[in-house]
Structure formats: C-alpha cells, structure tokens
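This report concerns only the one structure given below.
The values are calculated or read from the model by the stated rules, or taken from the named source; none is laboratory data. Nothing here was measured: the structure is a model prediction, and the numbers come from that model. With ideal geometry, Cβ positions are generated from the backbone for all residues, glycine too; neighbour counts draw on all protein chains shown. Protein only, heavy atoms only, side chains kept; ligands, DNA and RNA dropped before computing areas. Shrake-Rupley method; radii C 1.70, N 1.55, O 1.52, S 1.80 Å.
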Amino acid sequence: MSLDKTNNKMLVTKSNELIEASYKLTTNEQRIILMLAAKVQPEDQEFKRYRIQVSEFVKIIDLKSKGVHNDIQEIIKGLMKKTFGIRKEKSILYLPWLASAEYFVGQGYMELEFSPKLKPYLLQLKERFTTYRLHNVMQLRSVYSIRIYELLKQYAQIGSRLFELDDLKFVLGIEKNEYQKYGHFKAKVLKVAQKELQEKTDIAFDFEEIKNGRKVAKLNFIIRKNGKSDSLETSFIEDEPGLIARLREFGLTEIQIDHIVKNYDESYILENLEIVEKDYKAGKVKNLTGYTYTALEQDFRKDKAPIEKKYEQKDKKHNNGVPDHILEQKEKQKELDNHEETLQEESYEEKIKRRDELLVALGEK
C-alpha cells in the first residue's frame, strides 16, 4: 500500500479537552504529534514506542531532502522541551508532549513515545472525543489552520461554534503581545485558516464578528461540509481497518458502538451505514451521529432480510442499551398506571359493582 493511501486511512482521535488545550507548536511539530496520535490504536492500553519512517514524514510535508535528517532531529529535540496547558475549573494543568524521542541515524526512522500523562486524553476514549482523517490536516501550512480545523471539526455536526475572542487566542497559544490589533489577527490567522480549510480539508467556515461597543469581542464560526474534500468519500474505500473503525467514522461513542456490535450482525450494520452515507452525501443529514444511531436501531433498509439482528423478537427487551430489568420495571409501572387511570374513569355505580363482585368472589356476600 502506498504512503498516500496509508495517510488517507489514518485517523486521529483526541479527547475534546486536548483539542481545547492551550499550546503553540510549529507546523512540523504539530504534524509529528498528529502522525504519532494516528498510530495510537483504539485497543491500546498503554502508550508504545511508535515508529515513524523519515520517508513517510518527508513525503507529506515540505521538507527538502537535503539536510532533512538534521531538520527532523531538531524538530524532535524541540518537541521534547514543549508543554501544553489544559484549563481546569480553578487551574491550568501543564503537561509535556513526549516521554522519549529516539532518532536512528542511517536507518531512516525515529521512535517516539507520548508522555504517560497524556493517557486520559488519547487512550481508551469513551466519550467527549473527536476523530478525523490525518490527511485533512497534514497539508495545512499555517500553525493556526491546524488548530482551527480541530476546534471546528469538534463542532462540525452542530454547525456553529462561538468563541470569546480572548479565549480563542488563548487556545491558539497567541501571546498578549501578538496580533494586538484585531485586523492583524483577522488577516493573518482567520483569513489564512479560512482559505486553507476551504482548499484542503473536508470542512469550511464563515465567521460572524460580534462587537461590544466598537471592539470585536466574540466570533461565531459557521461550519459547513466542504464538497471538495468530503471525509466520508474515503470512509468506504477498501481495506478499511475493521467494522468498529468504520462505525467510529460516523461519530458514534464507544458505548454506542459496543451496543451496536453486540446486538446486530455485520451485514445489517454495513447496509444501514451505506444508506446513511448516501443520505449524508445528498445533504439530507444535519446530525450525522444521531441519524446513524437511529438508522441502526430502527433499520432504514427498504427490503429487510428476515432476521438479521441477533435479538430481534417481538418482545425485545433491548432499547438503546437499557438493561432488561429496567425495561421490565418500566412495563410494570406502565401497566399499573393504566390500571389506575381505568379505575379513575369508572363511575360510582361501576365501582360499587366491582366491589360487590369482589366480595362475592371472596365468599363474604
């Protein structure tokens, strides 16, 4: 498989906390971190020493072959010194990116390992995470375009994201003495990112300036699907790495995926995902994740096979992963409620009649 195809298939999955962390890396430092993140597998329990081929890296960035080995060594040395900040309720947690970085001279590869402190933000993510294809960001040239892509991709299904201007600058790692005039920030950061995302990624955006007096205080980003580079166009290419990875492409959480895989067979899932894909490309879908989950639970196929769900009985107890005993309790409560409503609707005469019938049955009348 070519490096281009490999790059097209690689996925980056980050917790939303990490996406919203405050940091500033060079463009090539970000690219290495993203390639490293794409090598982390969903089943990994611990970080490994992940190998990146120099040829793999050079092919997708703008480094010149002459002196490239020295350039990459300088990049990873710089990364070893870099930290980032995650904003907590009453504090900012600063963490290092890497635990180790080893460059193998003359062998054409390097091995990098994430800091173990990053485990909650990259490993075994069950909720509040964002996944996208690596190739969408590797060709972006601006350090801010990569960050803005991630921040907007996180809200792509919602369609908009509102930022306080100062908060956005903080997340992007912009110092107080940089881009002090909004006009400079707009021209050098926003407009550059807008142009790059439109030309090279699966999303594009417009933005509204919200003023407080005469100053721009907030920015409302309107996020839209970019027809030039549709992320789902590459979701169904051959050699996709497994059914779970495919489900993850539609934004389903790990809990939802676990429920779907346990309760439905593969052909049922794939046929419904194909329907979702067609509707998505036709512009019929606003909330891709919700639409996908509904399709899998309700079966959007027109011609349904006899029984393709593992548990498809008339008295099916599963409902969106709710345990059987909870459903049974709800059914019993519903019956009691209906019974009480019936009693309340009875006339006085009917109640007397029911009482007399009960007394006769008990032999007391």
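Observations on the structure shown:
- Qualifying residue in region 88-105 (condition: surrounded by 18 or more Cβ atoms within 10 Å (Cβ to Cβ), in contact (Cβ under 8 Å) with a residue 60 or more places away in the chain and in a loop (DSSP other than H, G, I, E, B)): yes
Per-residue answers, yes or no, for (1) modelled with pLDDT under 85; (2) farther than 25 Å from Ser15 by Cα; (3) of a type in the set (Asp, Glu); (4) under 14 Å from the mean Cα position of the chain (by Cα):
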position: Phe236; (1), (2), (3), (4): yes, no, no, no
position: Pro241; (1), (2), (3), (4): yes, no, no, no
position: Ile255; (1), (2), (3), (4): yes, no, no, yes
position: His259; (1), (2), (3), (4): yes, no, no, no
position: Leu270; (1), (2), (3), (4): no, yes, no, no
position: Asp279; (1), (2), (3), (4): no, yes, yes, no
position: Ala282; (1), (2), (3), (4): yes, yes, no, no
position: Asn287; (1), (2), (3), (4): yes, no, no, yes
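- Val189 vs. criteria of a type in the set (Val, Ile, Thr), closer than 28 Å to Leu79 by Cβ and under 20 Å from the mean Cα position of the chain (by Cα): no
- Qualifying residue in region 41-60 (condition: loosely packed, with under 14 Cβ neighbours inside 10 Å, of a type in the set (Gly, Ala, Ser) and not in a helix (DSSP H, G or I)): no
- Residue satisfying all of: in region 289-303; part of a loop (DSSP other than H, G, I, E, B) and open to solvent by 30 Å² or more (accessible area, probe 1.4 Å); modelled with the highest pLDDT among these: Phe300
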